[in-house]
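Comments concern the structure below.
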Amino acid sequence: MARKKKDVFSEEEIANISLEETQIIDIRGQKQKNPMNGKKVALFILYGAIGLLLLITVLSFNDIPNIIEQIKDVNIGYIFLAVLMVLIYLAIYPLSLCILAKARKTEISFGTTYSIAMTEHFFNGITPLSTGGQPFQAYSFSRAKVKISESTGLLLANLLIYMAVTTGFSLTGLFFAKTLFTQIDTTWRIIIIIGYALNLLMFVSTLVLGLSKTIRNLLIKIVYFLCNFRIFRFLKPKAEDIKGYFESVQQAFKDLMSKKGHFILALIAKIVSFAFLYSAAVFIMLSLNISVGWEHVLLIISGTSFAITAVGFIPTPGASGAVEGSSGKIFTSIIAFIMSTSVVTDTMSGQAAGIMLIWRLLSYYMVLTISLAFYIGLEIHLNKAKKRRDMARKIKREKLAEEENEPPEETIVIK
């Protein structure tokens with residue numbers, strides 16, 4: 001039987017362990033956490049099932065045999081290009097957070113930051129209002145020894161860039177509103193308008209939270225006010241820490257905003273990534289033999305971005321149901337425009353539903369699966385790093401104990 005390889009620690013690695021850390025109880029004997037325990041797996045399956053159920057529900061409103069008829073002769077070459085567009089989007093997407101982390105000189109590797117950025121898709125995709133990504137990323141940064149206030153500033157700046165880009169793309173859709181809204185009924189128009197207003201509100205709120213001293217002071221006053229009530233007394237010892245946290249977050253955010261070169265580079269990376277994502281819809285339409293010309297590309301990109309952004313904050317996992325409904329209506333309007341008709345035939349309805357189905361499978365379910373794989377890899381990496389640090393801490397503690405027990409050296413005095 002092969003012998004287990006013994007961990008080797010460099011002098012520098014042991015020296016980096018602070019005296020405070022040597023006081024932490026060693027947990028080397030405990031089992032390493034399983035990144036995919038039963039509860040997590042069950043929760044992920046539940047969220048995935050909800051999303052799939054909503055997709056099936058939306059499809060049930062359409063003529064399913066007609067959809068199958070439209071996609072059975074799909075052009076595989078164009079589907080391959082659509083998949084490639086989504087994969088390029090995924091590859092470029094994390095670079096904005098990596099650029100911001102480098103601007104702040106955060107002591108974390110590029111690979112770890114990249115992986116943390118990639119997990120955003122999964123946690124946004126399984127949480128209501130698509131808001132689970134940032135809290136989990138902040139938690140992951142803290143496990144990688146990055147202060148919460150530092151990581152929150154980074155994530156706020158990255159969220160602002162994300163919202164600026166998605167809002168910018170979708171705003172171009174307003175120039176084509178007359179075309180995009182031709183096949184959208186009153187109910188869906190109200191849903192889209194409310195959703196788009198919420199998206200703009202979130203964008204402004206993120207900017208204000210990161211920059212406004214007035215809002216920061218207001219939040220601090222609210223914390224101190226809550227401390228007067230018995231139910232919130234636990235906040236009183238931490239009130240000063242919370243105040244410092246808000247100040248540190250804004251300082252990190254403002255510092256990132258002041259680094260214009262890095263900020264613009266991160267913005268460009270996000271613009272390029274979303275350009276590839278929205279372009280996938282063009283190739284999906286071509287795969288269903290729709291006569292898409294160069295003059296239609298901007299319309300399709302704008303319409304696709306508008307359909308997603310306008311319903312992004314609907315309270316279902318990953319806005320499931322709402323995205324399918326809005327994108328299906330938008331695609332129907334685009335097909336009618338390309339074919340120069342206001343009368344939607346069964347064939348056109350089937351094509352629009354087929355485009356929506358393929359688009360959702362690639363941009364949501366495929367992205368979710370890849371992001372989940374990065375999450376599992378990140379969990380394994382962080383658990384191994386923690387275990388190694390625990391072992392280094394134990395060695396440092398043992399060395400300190402040995403030094404304390406060593407007898408003092410004899411001093412020989414020469415007269």
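The values are calculated or read from the model by the stated rules, or taken from the named source; none is laboratory data. Please read all numbers here as calculations on a predicted model, not as lab measurements. Quick reminder, even Gly has a Cβ in these numbers, built from the backbone with ideal geometry, and neighbours come from all protein chains shown. Please note that ligands, DNA and RNA were not included when accessible areas were found on the heavy atoms of the full protein model with its side chains. Shrake-Rupley method; radii C 1.70, N 1.55, O 1.52, S 1.80 Å.
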L87 being at pLDDT 90 or above, of a type outside the set (G, A, S) and farther than 30 Å from A336 by Cβ: yes
Evaluate the following for A269: is it at pLDDT 90 or above, within 20 Å of the chain's Cα centre (by Cα) and buried (at least 24 other Cβ atoms within 10 Å of the Cβ)? no
Odd one out for S205, checked against (1) touching a helix residue (DSSP H, G or I) at 6+ places or on another chain (Cβ under 8 Å); (2) assigned to a helix (DSSP H, G or I); (3) not charged (D, E, K, R): (1)
So in the range 278-290, with the set limited to residues that are open to solvent by less than 10 Å² (accessible area, probe 1.4 Å) and within 25 Å of the chain's Cα centre (by Cα), which one is farthest from I99 (Cα to Cα)? I284
Determine, yes or no, whether A392 is modelled with pLDDT under 75 and assigned to a helix (DSSP H, G or I). yes
Read through the list (1) open to solvent by less than 40 Å² (accessible area, probe 1.4 Å); (2) over 27 Å from L97 (Cα atoms); (3) touching a residue at least 60 places away in the same chain (Cβ under 8 Å), then give the number of the only condition that I220 fails. (3)
For the list (1) touching a Leu at 6+ places or on another chain (Cβ under 6 Å); (2) more than 30 Å from Y365 (Cβ to Cβ), I need the number of the one condition that A266 fails. (2)
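One line per residue, one yes/no per condition, for (1) crowded, with 21+ Cβ neighbours inside 10 Å; (2) in a helix (DSSP H, G or I):
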residue: S340; (1), (2): no, no
residue: V344; (1), (2): no, no
residue: G354; (1), (2): yes, yes
residue: W359; (1), (2): yes, yes
residue: I370; (1), (2): no, yes
residue: A373; (1), (2): no, yes
residue: L378; (1), (2): yes, yes
With respect to I334, is the statement that it is in contact with a His (Cβ under 9 Å, 6 or more places away or on another chain), closer than 27 Å to I190 by Cα and open to solvent by 20 Å² or more (accessible area, probe 1.4 Å) true? no
